[in-house]
Each structure stands twice: as C-alpha cells, then as structure tokens.
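Undergrad: I'd like to ask some things about the structure below.
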Amino acid sequence: MPELRKTVVEIEGRLHEEYVVVDGEDLPAWPEDRVLSRVGQPLPRVDARAKVTGTARFTHDIQLPGMLHARILRSPHPHARLRRIDVSGALAVPGVLAVLTHENVPELGWPGRPLFDTVLRYQGAEVAAVVAVDEAAATDALDKISVEYEPLPFVVDLEAAVEPDAPRVYPEGNVSADEASVYVRGDTDQGFAEADVVVEANFRTAAQLHNCFETHGSVCSWDGGRLTVWDSTQHVFGVRKTLAQAFGLPMHDVRVIKQFMGGGFGSKGGTGRYTVIAALLARQTGRPVKLLLDRREENLATGHRHNTLQYIKLGARSDGTLTAIYHQVFAGVGAWGWVAPVGGPARELYRCPNVKTEEYAVCLNLGPDSAFRAPGYVEGTVALEGAMDDLAVALGMDPIELRLRNYADTNQPRNLPYSGKGLREAYRIGAELMGWHLRETTGYLPRKRTILATLGGGGNHSPEGEQPPAGPGGVEDLVCWPGTQPEDLPPHRRRGLGMASQIWGGGGGPPAHAEVRVNPDATVTVATGTQDIGTGTRTVLAQVAAEELSIPVEHVRVLLGDTEAGPYGPISAGSLTVASVGPAVRAAAADARRQLVELAASLLDAKVEELILKDGRVEVAGSPERGIALRELTARLGNFMVTGHGSRGPNPEDVAVHTFGAQFAEVEVDLETGAVEVTRIVAVHDSGRIINPLTTSSQVEGGVIQGLGFALSEERAVDPQTGRVLSADLENYRIPTALDVPIIDHVMVPGADLAANNLGAKGVGEPPIIPTAAAVANAVYDALGIRPTDLPLTRPRVLAAIKRLEEAAQAVEAGAESGKEQAGEGGTR
Amino acid sequence: MKPFAYTAATSLDQAQEILSEEWGSRLYAGGTDLLTLTKRGTVSPDHLVDIKGLADFRYLRHLTGGGLAIGALTTLAELEANRTVHRRFPALARSIAVTGTPQLRNRATVGGNLCQQPRCWYYRGDFPCLLHGDEVCGAAKGENAYHALFGYESADGNRCVAVHPSDPAVALSALEAEVVVAVPGEAPVNWEATPIDDLFQQPTKDFPGTTILNPGDVVVEIRVPEQPKGSRQVYLKAMDRAAWAFALVSVAAVATLDGNRLADLRLALGGVAYKPWRARHAEEIARGHVVSPELVDEIVELAAEGAMPLGANEYKVPLLKGLVRQALRAVTDESRGI
C-alpha cells in the first residue's frame, strides 16, 4: 500500500526534507556475508554492443520525417541592451520557415527567465532562433538577422566583480551578503583563541567547462496536442513536468525520451531553453524540429563549474586537534546561478567544534553556472586539504596522522552518526599502495620540514561594505626546504607525494519507483523512469533484478529513459541512481518473486513459507524434487504477466549516509621548465556494496581524469577587453588526452552499508573527482616546498612558484652570509 | 559557411593560374588548417584549389652532395616514418612526432604545415585582430600567455604578437633548411630557394600576411642540407598537456662537437615569435668553445636576450631558458638524459 512519509534527501551536497510516497515496507539489505552471484560481478555493459556498433541512438541521431533544423542567434556581447532587431533578411533566406525573437515569442507558463531577453547579460545569451529546412539554411539565416545592441559596462573577472565600484550585472550589485549561505557551529573566535597554531591560505580555482561529448540539444515533435521530446537530459521526468507547465499541457500529453547519453556531468539537470524554443518552433511549423547546440554554444551558455576565490583558516592545538575552521568562499556564478556547497568539506570532513563557512555568489557577465560533478566539494577540498597540509607542516606532523587525529565519527551539522565510514581504511590501503612511508624515510620530504621563509600572498576579499569576521588583509605562504630527493632523479626534477580525503553524499533516497514484469517465457523486463547518462545504469539495474529473481542477467531487459516506459525515476545527479533506483528495482523484483512463489505454491500444493526460488526454479526447501522451473511456471499462466512494483524506502532517520575516500598522488616537477607530471594516482573509495566493479572502475578512472584536468589544464579563458570567452573550443580549452593519464590504481573499501538502503550500496559517480586536484596540489607542495594556491597548475603558475622558491633560497643564502642564521625552527606564526 | 567553388587541380600551372587571378581563391592541400578556419568563418574562400592530387610534389629525394629534398605535399606522417629523416635529421623527426595527433599528421602536408595561420585565439575567434583587417591587435594588451617574446618591436597594437605554430619549422630552421617557392609563370629552373626563416613575415596593420608568398606562389619543396658528421640534434617542446597542443615554447638544437669543444651550435626557438627564432648571439658565443657550466649558463642567458614579455607570457622567459639548458644537456652529454 502506498504510504506518505517524510524523509531527508541529500542532493549535490545540500539536504532537503520532503514528503515521499513509498510502496510498502522496505526489504532489509542483503547481509554482509550473503553470497551474491549477479551483484558484484564485473559484467560488461548490457548495451556495449549497441554503442560500439552505432545502433544506440543518441539525441543527435534522431531523424524524423519532415524534420526541420533550428539554430539560435546569441549575443556577441557580455552585457548589452537589445535596441532593435530586424529578422526580414533571415526570413528571406530560402528554406527558412520562422524566426523567434522577444517580439514574437508566445506567452508561456515557462517558469524560467524569458527565453529571449532585451537585456543580455552574457556572451551567448539567446537573441533569436531560426528554423529552416536544413541546418545550413538556418545557420546562414543567423547572419542575416540585423540587431542593434547598446553595449553596457561589463565585469568578467571574479576579483574585480567583488569591488564596490565594479560594473553591475544587476542594479542590486554583484554580491549579495543577504543571500550568502552562512553556517556556524560553535564559536570560531573562541576556537582560534584556543589554538596553538593557526594557518591561513587563499586559493583560486578556475571555471571548469563540462564539454560533454554529446552537446545539449532536443528534437521536438507534436502530434496533435501531444508533445514528444528526445532530449539530452539527466532527468526525463523533470523535463516532462516543466514542458507540461510551459505549454499548459496535461502531463500525459508530454513524453520525454533519453535512450542514450553522451555525458551530462551536471550540466543537463534542468530543462533547456533550447528545448522550449525547439518545442515552440515545432508547434508553430507543425513539423518536428531538431535543435542541437554546437561546441561553442556548449562552452558559452550551458553551464560550468564556478570559479572560486577562497580564504581558509585553521586553528589547532599543538597535538594537531582542530579548534576552529573558518572558510569563506566567493564563487563566480555567471549571469545567474547557484553557489555549490564549497564549504561542505570544511563543515563535515573533520571533527571540529567551532566552524564557520560563508559562501557568496558573485554575478559576472558570463554564462550561468550549473552543477558539475561533485559541485563545490571539488573546489572546497582543494582549500581544506591544502590548508591541512600547511597545518601538518607547521606542526611537524605526518599529513595522514593529522587527519586521523581529527577523524569525525559523526556528521556534525546533523549531529548523527555515519551509517558507515571507511575513510580510515581508505587511508590505510592508499598509504600502503602508494608507499607513503617513503615520504618519511629515504627519498621523500622529511616529516618535519624547515620553514624557510614566509612570503606575502594575495589579499582577502569581502562582499561589499562588509569585512569578513576573520582573516587579515594579506596571507603569507610558507616556503619550506624540500628534503632529500630520491637518487634516481636528476637534480632539476623533484618528486612529491600528496594525498587528500573525500566526503560526499551519494546515499540517494526516495522517490524512485520501478516495475518488474515477468514474461510468459520467464524473461524479465525492468521498467523505471530513470535514465542512463552513460554510467552503466542499465547494466547495474539488470544485475539487481537478476539477483533478486535468481535468473541470468541476460534474461533481464531494462527499459528506461522514457517517461512512458516506467514509473518515476529521479534525476541522474548527486551520485544517487544506484542508491535510489537500485533499491526500488530490487523491491519490485521481490514483489514479483513473492507473486511467483505464491502461484507456484498452488501448483505444487505447498505452503508459501516452504518454497524458495533458486537458480530459476521454485522448489520446496529441502525437497528439490517438489519444484518447478520458473519458465514452466510462467508458461502455465498463459499470457499473464506477473508484475512487481517497488519503490525506494525512506532514508534512515538515526544515521547520516555518506561516501568517503582518499586519493594519493605522485608527481614530478621539472624545476627548469615548470612541467608537472603526475606519475601515479592511487584512489581508494568507500561507496558501500559495489554492484558492478567494471562500471565502478570506469567511474573512478573518469573522475580522476576529470579531476586531473581541473588540477592541471582546464581553465576557461576570457578576454578582459571584450568580455568574450577565448576558450570556447576544444583546442583552447584543454581537457586531458590519453597521454596525460597516469597509472591509476584503485580499490574500493570492502563492505556494504547495511543501513543505507536495501542494496547496501552508495553512489560512486562523483566521489572520485573530489580529492584528485587537492591530492595533486599537495604532491606539488611536497615536491617544491611551496604550496600551490591557484589551479590549474599551468606553466605560468608553477614557474612563478619556482621563482619565489629561488628568491627565498637566495634571501636565506644572503642572510647566512651576513651571519644571520634564519633557517631552523619549523613552527608557527 | 559561405558556398565555394572547388577545383581539383591537375597541374601546378592550373592551380597557380586560378590562385593568382581569382581574388578569394585559396590553396587547399591537407586542409587541416584551412577547413577549420573556413568552418569557423575566420576565412571565407570563394574557390578552393585542391593540389593534393599533384603526385609530383609528394616525394623524398636525396640531394647530390647530401641532404634531403622533401616535396611539399609529403604528409607529416610520411616524413615521420622515413628512416633517413630519423637517422640524419632526428630533430625534424621529433618535431613531427610531437605535432598534432596521428590523425592530423596523416592528413597534413609539410608545405601546409609551414604556411599555416597562427593559432592566436584572437585571430581564430571573434576578437579584434590585424589579420581580420581590424585596427588593433587584441592580444597585445589581452590574454597573451601564448604570444610572442621576440620580433614584434612594439606592443602598441599595430603589430601582430602571434607566434608561428609549426614545430617542424623550428627544427628545419636549426637544420638551416631552405624552401623552394614556385612563382606563377616562372619555369621550374628559375624557382628560388629561400632560407626557411625568410619565408615568414610579421603581420602588421598594412601587411596582414604571415608569409612572403604572393597570390599564386606555392611552396613546392623543402631542402634540408646534410648536417656535419657527428652532429647531435634535439627538439624539445613544452605544452599545456602531453599531446595535441601547440608549443608554449620549443627548442631545436643542432650541435657539432669536436671532443669537448662545440665546433658549431644552432639554436632555434619556437612559440616565441612570428617565425622560428634563431638565438644567433648565443650560437656565436658557443662556437669554438669548450663546453663548461659557465658556457652553458652564458648560452642560456643569451638565448633569452632581448625577450620582451607582453604581460601574461613572462613565464616563457624562464621556460625558454630551462628548455635551452635541457637541449644543451641533451646534445653535449649523451650520458645524461634530458
């Protein structure tokens, strides 16, 4: 019986309390010692053949009879007022059927901002849309639209935008202190006063662009009053809801389909403006319309990981116990957007009674931001774990020892114990695999480094008219003598080891529903309204259903990615699909199994309680001769299809469900050329029970590689003079190539999280990207003796750090010559 | 993209005739540069004259008296795979191996590689650029981390500060190669060989071209002279990532050692000027001297002599010095790696 329950659900690092309908009592998780034969197997993807042979159809592959093509004209200016627009030239292009602008766009129930605005706040903002018989005509027509813009003052630099006299994206200003996300636990003033050691640091991270292989886009088709949309989306049900609202349609008249996906990474969570535009043009022309964005549009207007400016301050007693953490974040969200929980790691990762985090959104005349794989936590981990290594240096402690000293057994913001936390184990396994002990004996940096000098660093930044409660005007960086280096290295190369920790949600939650249909030949169809955004959802769900029904995985077919295929599935984001939809599929399979056993009971003249379903047979426990093959049983039912229903149960109330992990990086830095070479990454994560080690390994490697891009090369570049993006293509926006990928060793901490859900499994999509950049930066710190503060670690930044190192060395040498001993005491400031 | 005419040329004469007479016609060979420029709308040719099929210009030939003649339509992949190139011109082989990707090298011709347009993101985007006919160079005071250290005279915006993107050009410069240019209407016997460095010119507001070639001029051959016996060569390239990136800075070094003495040294720098930049002063100082740490320091300093950082490319000075130092190490001391 469906039942209304209240539960806490975490998505992308933020908690939401909501009412959800759940379908009956949940099953207990498979116990730790249960031998599972389908779950846990490294099965290749069930749709691998379709993908490699090209029969898998992505949104770009959709071709419909009579289909038209649309393109969008976008603002060339970062900030402008639209004075006048004349589309007559475009309409005169042969093959063009219609042009939409702010002047003729119909009224919609669309909850978003206007589809075509008259104040354009970023390069790439929609100005008009053209629909034509082919893409070439539509593209040519864009050039024929005559637009008069009044350019307005713009701001594209995060540090400039927080200044009071900066050009304003909105009349209210670029930073709103009222809308800041502020978290306080305990009293940080008190905490810093109790500290024996205080370290502080500024960090900058760059805007990262998703660059999914498959660009954003939709194909929209009307059939009478019904709208069908093939969309590149992470949430078919979300798009259905918004489109029904926009066009005033009953929900059952909107169908959204996403069968195969070339990546989303958080940028395809909402309903695209291009989708609404395509649907409008399709309605207007009475023909299907395809609207796909190109790589440039993708990099201007479909979201990004916001760049950040962070100030962090840690206080600790001399034994390493943290007494206070203060973390202040300014995030460049673009023309509009959200601040991801950059302060999340500071709030949660370490046991600390006094914590304050402040997260400010800073508007810029750049495209709006969006979620990007572990939004906020990637950036925040760079700052927190960088500062922790500073603290380790200041205290003369091993970085892992310092982290263990502050190990948190409870989720402090919620004051709940963790359902499971394998972080200690992750540290142990990772340290062993990486040879962390070498850091202390031969070769690597000595445990206690000599602090050579302190250097003036960057300034502190505060929202308009408000001084941050802590933090001085400038931050000093430590410069340390590196220790002995391994003998196999030439003198101009330095090797370093670094590590960083990971905390994230990934526990999922309701609502998520599924149906399991058992066909007369005992094959099974799983139907659920989730989507596979490329992570292997089809495969994993097939394994779960096959396990519960004890049938071969090949006998299961999973229908998803279609609002008409199955019941509601949540957005594929927040690493929640396996932990949300998986348990619903298991519950539905269990429901089907119960019905099958009941049917068998009457056929076998046995009691339900006596029967077991095993290896495709229902039989009386202990008397296998009294049994019936599943296939025989279902055949007896004629054309009846046994249908099981299942839903994700509520989240546990007495524990907090999280994923954990640690990554270790080994780097070599060339002192002569500033090249940073990551030679090895060890990734150890705890995501509970692993359903498929093969798809998990793809996730871990993908996360690490995307993290390496963030650490080393990926950076949106903007021209300060025109406010336009210079790196809107794959030549100038540098994602890692195959040759940039180091050895990646990864291990999942064994064990299931039995309290999390009926699978004991948690998400693995986002965790692996979280600590990579921080681990790499800390390894570079270890190699150079100077902590990197700005990512990515491109040559200009690394060579500048090396220069500062050399200057410090010269200063010390000069000091030594004049008889003043400066080197020596490591310690505090 | 604007519609254009296409002619598959059957002879060089035919191609040159169209190219010299039709304004808006463009030479098309591998197309790895021209097609991307056309698709982005940076250039809008009316007529593409395809010379890929001219088999007469796709060859590798030994020159009498040593050296190698390379037909301009030879692909980079063909050059890369050639044993003579590997054995006698390892700097050239290496410069090709680190160019683009295997797919690009299969398609790109060596002539096209030399004649390619700058990769400057102002030129290739919708930004002010002298090559677009704009009044000012946007990079001079903009995001110029990838731009020139040498040869632009003044960062007043009247001079292009882009760098030449070719890797092979830098190696060929250090090898003192020449290019043979076919001029329309002239008989092949009259085609002149020009030192490779002189093929390039710095674009200015009045002359926004990157080479000395006039319409209809075609680079048909590259001549690499025989190198002194025992010459040692290296090509080092610093990139933003491990592959498929243009040089931040690159160095080609060709050294001839007489025992411990540097009989000859040639140093060409890439990624720092509108052409391969020869560090001539450093070469002179090196010549005839015994290799010593002091000499290496001096060469390194002189290689960067006259560098004029633009703002965001200051890092190229230490990078250049570091690469020169590593190149010297590689060519003077076989026992030590780079």
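Undergrad: Given the condition within 14 Å of chain A (Cβ to nearest Cβ), surrounded by 24 or more Cβ atoms within 10 Å (Cβ to Cβ), within 21 Å of B:V163 (Cβ to Cβ) and within 16 Å of the chain's Cα centre (by Cα), answer yes or no: does some residue in region B:61-77 qualify?
TA: No, there is no match, as no residue in region B:61-77 is within 14 Å of chain A (Cβ to nearest Cβ), surrounded by 24 or more Cβ atoms within 10 Å (Cβ to Cβ), within 21 Å of B:V163 (Cβ to Cβ) and within 16 Å of the chain's Cα centre (by Cα).
Undergrad: Among what's in region B:240-276 and is free of Cβ contacts under 8 Å to residues at least 24 places away in the same chain and either assigned to a strand (DSSP E or B) or out of contact with any helix residue (DSSP H, G or I) (no Cβ under 6 Å at 6 or more places or on another chain) (or both), pick the residue that is nearest to the other protein chains (Cβ to nearest Cβ).
TA: Among those residues, the one meeting the criterion is B:D240.
Undergrad: Still on this structure, I have one more. Have a look at A:V553, A:V585 and point out the one that is touching a helix residue (DSSP H, G or I) at 6+ places or on another chain (Cβ under 6 Å), in contact (Cβ under 8 Å) with a residue 40 or more places away in the chain and buried (at least 24 other Cβ atoms within 10 Å of the Cβ).
TA: The conditions single out A:V585.
Undergrad: Here is a check on your reading of the model: is A:R787 within 14 Å of chain B (Cβ to nearest Cβ) and either over 23 Å from A:F664 (Cβ atoms) or in contact (Cβ under 8 Å) with a residue 24 or more places away in the chain (or both)?
TA: Numbers: within 14 Å of chain B (Cβ to nearest Cβ): no; either over 23 Å from A:F664 (Cβ atoms) or in contact (Cβ under 8 Å) with a residue 24 or more places away in the chain (or both): yes.
No: the conditions fail for A:R787.
Undergrad: Since B:Y152 meets every condition but one in (1) part of a loop (DSSP other than H, G, I, E, B); (2) out of contact with any strand residue (DSSP E or B) (no Cβ under 7 Å at 6 or more places or on another chain); (3) farther than 30 Å from A:P736 by Cα, which condition does it not meet?
TA: Status for B:Y152: all satisfied but (2).
Undergrad: When you scan region B:103-124, do you find a residue that is under 30 Å from A:D294 (Cβ atoms), within 20 Å of the chain's Cα centre (by Cα), of a type in the set (S, T, N, Q) and crowded, with 23+ Cβ neighbours inside 10 Å, even just one?
TA: yes
Undergrad: Can you give me the number of residues within region A:650-702 that are within 14 Å of chain B (Cβ to nearest Cβ), in contact with a Pro (Cβ under 6 Å, 6 or more places away or on another chain) and either surrounded by fewer than 22 Cβ atoms within 10 Å (Cβ to Cβ) or assigned to a loop (DSSP other than H, G, I, E, B) (or both)?
TA: Selection size over region A:650-702: 1.
Undergrad: If the Cβ limit is 6 Å and pairs must be 6+ apart or interchain, which residue in region A:329-353 that is over 16 Å from A:Q502 (Cβ atoms) pairs with which residue that is of a type in the set (D, E) and assigned to a strand (DSSP E or B)?
TA: A:V329/A:E359; A:V339/A:E359
Undergrad: Of these, B:Y274, B:Y235, which one is within 28 Å of B:N82 (Cα to Cα), of a type in the set (S, T, Y) and buried (at least 22 other Cβ atoms within 10 Å of the Cβ)? Spell out the reasoning first.
TA: On the way: B:Y274 fails: within 28 Å of B:N82 (Cα to Cα).
None of the other options fit; the residue is B:Y235.
Undergrad: Those residues that are more than 20 Å from B:K237 (Cβ to Cβ) and basic (K, R), I need them from region B:72-129; list them, please.
TA: Listed by number, the residues that qualify are B:R83, B:R87, B:R88, B:R107, B:R124.
Undergrad: Moving on to the next point. Kindly indicate whether any position in region A:35-53 is over 30 Å from A:Y183 (Cα atoms), in contact with a Gly (Cβ under 7 Å, 6 or more places away or on another chain) and in contact (Cβ under 8 Å) with a residue 40 or more places away in the chain.
TA: Within region A:35-53, one or more residues are over 30 Å from A:Y183 (Cα atoms), in contact with a Gly (Cβ under 7 Å, 6 or more places away or on another chain) and in contact (Cβ under 8 Å) with a residue 40 or more places away in the chain.
Undergrad: Name every residue in region B:279-290 that is surrounded by fewer than 21 Cβ atoms within 10 Å (Cβ to Cβ) and in contact with a strand residue (DSSP E or B) (Cβ under 8 Å, 6 or more places away or on another chain), in order of residue number. Working first, answer last.
TA: Start the filter on region B:279-290 by keeping residues that are surrounded by fewer than 21 Cβ atoms within 10 Å (Cβ to Cβ), which leaves B:280-281, B:284-285, B:287-290.
Answer for region B:279-290, where residues must be surrounded by fewer than 21 Cβ atoms within 10 Å (Cβ to Cβ) and in contact with a strand residue (DSSP E or B) (Cβ under 8 Å, 6 or more places away or on another chain): B:R287, B:G288, B:H289, B:V290.
Undergrad: For region A:715-722, indicate whether the set of residues that are surrounded by 21 or more Cβ atoms within 10 Å (Cβ to Cβ) and more than 17 Å from A:T205 (Cβ to Cβ) is non-empty.
TA: Scanning region A:715-722 turns up at least one residue that is surrounded by 21 or more Cβ atoms within 10 Å (Cβ to Cβ) and more than 17 Å from A:T205 (Cβ to Cβ).
Undergrad: Looking only at region A:716-741, count how many residues are more than 20 Å from the chain's Cα centre (by Cα), more than 10 Å from chain B (Cβ to nearest Cβ) and closer than 24 Å to A:T789 by Cβ.
TA: Adding up the residues that qualify gives 0.
Undergrad: Are any residues in region B:196-229 out of contact with any strand residue (DSSP E or B) (no Cβ under 7 Å at 6 or more places or on another chain) and of a type in the set (A, V, I, L, M), and if so, which ones?
TA: B:I212
Undergrad: Determine which member of the set A:D753, A:D745, A:D729 is farther than 28 Å from A:E32 by Cα and of a type in the set (D, E).
TA: Working: A:D753 fails: farther than 28 Å from A:E32 by Cα; A:D745 fails: farther than 28 Å from A:E32 by Cα.
Answer to the selection: A:D729.
Undergrad: Still on this model: Of (1) among the polar types (S, T, N, Q); (2) within 23 Å of A:V581 (Cα to Cα); (3) within 14 Å of chain B (Cβ to nearest Cβ), A:S713 satisfies all except one. Which?
TA: (2)
Undergrad: Between a first residue in region A:729-743 that is within 14 Å of A:T794 (Cα to Cα) and a second residue that is surrounded by 18 or more Cβ atoms within 10 Å (Cβ to Cβ) and among the aromatic types (F, W, Y), which pairs have beta carbons less than 6 Å apart while being 6 or more apart in sequence or on different chains?
TA: Between residues of region A:729-743 that are within 14 Å of A:T794 (Cα to Cα) and residues that are surrounded by 18 or more Cβ atoms within 10 Å (Cβ to Cβ) and among the aromatic types (F, W, Y), the close pairs are A:N732/B:W121.
Undergrad: In the set A:L15, A:L68, which member is touching a residue at least 60 places away in the same chain (Cβ under 8 Å), closer than 29 Å to A:A278 by Cβ and not small (G, A, S)?
TA: A:L68
Undergrad: Only one of (1) modelled with pLDDT of 95 or more; (2) over 30 Å from A:Y407 (Cα atoms) fails for A:R680. Which number is that?
TA: Exception for A:R680: condition (2).
Undergrad: Give the residue that is nearest to A:G367 (Cα to Cα), with candidates limited to residues of region A:243-274 that are polar (S, T, N, Q) and under 23 Å from the mean Cα position of the chain (by Cα).
TA: A:S267
Undergrad: A further question follows. Report, by residue number, each residue of region A:164-204 that is under 18 Å from A:H306 (Cβ atoms) and either among the charged types (D, E, K, R) or crowded, with 16+ Cβ neighbours inside 10 Å (or both).
TA: A:A166, A:V169, A:G173, A:N174, A:V175, A:E179, A:A180, A:S181, A:N202, A:F203, A:R204 - these are the residues of region A:164-204 that are under 18 Å from A:H306 (Cβ atoms) and either among the charged types (D, E, K, R) or crowded, with 16+ Cβ neighbours inside 10 Å (or both).
Undergrad: Counting residues that are farther than 30 Å from A:T789 by Cβ and in contact (Cβ under 8 Å) with a residue 60 or more places away in the chain, which helices (runs of 4 or more DSSP H) fully inside region A:106-225 reach at least 3?
TA: Answer list for region A:106-225: A:135-143.
Undergrad: Checking B:C129 against (1) within 14 Å of another protein chain (Cβ to nearest Cβ); (2) within 27 Å of B:A97 (Cα to Cα); (3) not small (G, A, S), only one condition comes out false. Which one?
TA: (2)
Undergrad: Part of a helix (DSSP H, G or I), within 14 Å of chain A (Cβ to nearest Cβ) and either over 24 Å from the mean Cα position of the chain (by Cα) or buried (at least 20 other Cβ atoms within 10 Å of the Cβ) (or both): does that describe B:V296?
TA: So B:V296 fits the description; yes.
Undergrad: Looking at the structure I just gave you, is A:G315 assigned by TED's automatic domain parsing to the domain that holds A:E401 and either surrounded by fewer than 24 Cβ atoms within 10 Å (Cβ to Cβ) or under 21 Å from the mean Cα position of the chain (by Cα) (or both)?
TA: The answer is no for A:G315.
Undergrad: Next question, about the same structure. Which condition breaks for A:G66 when tested against (1) part of a strand (DSSP E or B); (2) over 31 Å from the mean Cα position of the chain (by Cα)?
TA: Of (1) part of a strand (DSSP E or B); (2) over 31 Å from the mean Cα position of the chain (by Cα), only one is false for A:G66: (1).
Undergrad: Condition check: assigned to a loop (DSSP other than H, G, I, E, B), in contact with a Ser or Thr (Cβ under 6 Å, 6 or more places away or on another chain), outside the structural domain of B:G24 (by TED's automatic domain parsing) and among the small types (G, A, S). Does B:G185 satisfy that?
TA: So B:G185 fails the test.
The values are calculated or read from the model by the stated rules, or taken from the named source; none is laboratory data. What you are looking at is a predicted structure, and each value in this text was computed from that prediction instead of being measured. Quick reminder, even Gly has a Cβ in these numbers, built from the backbone with ideal geometry, and neighbours come from all protein chains shown.
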